[in-house]
Amino acid sequence: MRVLILAFSVLGILVGADAAKAGPSTADRDLLASVDPAAFEATQETEDRIGLDKGKRRDVQRRLTGLGMDTRVNGRFDESTRAVIARWQAARGYPGTGFLNTPQYQALLSESVSAAHASFSSGDKPDEDRPAPRRGGGSAHHHRSGGGPGGLIGGVMGGLFGRR
């Protein structure tokens, strides 16, 4: 069995070595041919086609703020909001026009969802996953014990004698 594993390992190394000798492709490629120019052109007209009502404009403003680009959430795309949109666009390689188009709007929605998911998965929990706060007048006692064996023993002893 070990010989068989060794044989497959050597075979994998030899096959990998042939691929490594091949090197990078030298074929000319037109990288811009695969990019949709509509993803870059954003004007008042393209933004109007998205159909952003006041609620959706507020949502865009909240998402931009959530990504660290502070803007006032008022449902109006005034000069300060346009400047924030232009900064977001420039940071992502789009021309900073301050107007959105459908691909950019979708990218903003996806990015803000990804950012929110990343923050929740990094230790934060959404509000609905958090336990409800305890509401116990003034009679609740909270004891904090140290970690380690002392904390374990103290917790067990407190549990035996009815203390929490």
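The values are calculated or read from the model by the stated rules, or taken from the named source; none is laboratory data. Computed from a predicted structure; not experimentally measured. Heads up, the Cβs are rebuilt from the backbone with ideal geometry, glycines too, and the neighbour counts pull from every protein chain shown.
Right, residue 33: surrounded by fewer than 10 Cβ atoms within 10 Å (Cβ to Cβ) and at pLDDT below 95 or not?
yes
Just for the stretch 63-88: of the residues that are closer than 17 Å to residue 48 by Cβ and not acidic (Asp, Glu), which one is surrounded by the most Cβ atoms within 10 Å (Cβ to Cβ)?
Per the criteria, the residue is 85.
Where the second residue is surrounded by fewer than 17 Cβ atoms within 10 Å (Cβ to Cβ) and modelled with pLDDT under 95 and the first is β-branched (Val, Ile, Thr) and lies in the stretch 40-63, which pairs have Cβ atoms under 6 Å and are six or more apart or on separate chains?
50/102
Are any of the residues in the stretch 146-154 at pLDDT below 65, not in a helix (DSSP H, G or I) and not acidic (Asp, Glu)?
Yes: one or more hits.
Tally the residues that are modelled with pLDDT of 70 or more, surrounded by 15 or more Cβ atoms within 10 Å (Cβ to Cβ) and not hydroxyl-bearing (Ser, Thr, Tyr), restricting the search to the stretch 91-136.
Selection size over the stretch 91-136: 10.
What tally of residues in the stretch 53-81 results from selecting those that are under 23 Å from the mean Cα position of the chain (by Cα) and not polar (S, T, N, Q)?
16
Restricting attention to the stretch 36-67, and to residues there that are at pLDDT below 90 and in a helix (DSSP H, G or I), which single residue is nearest to residue 111 (Cα to Cα)?
Looking at residues that are at pLDDT below 90 and in a helix (DSSP H, G or I), I get 39.
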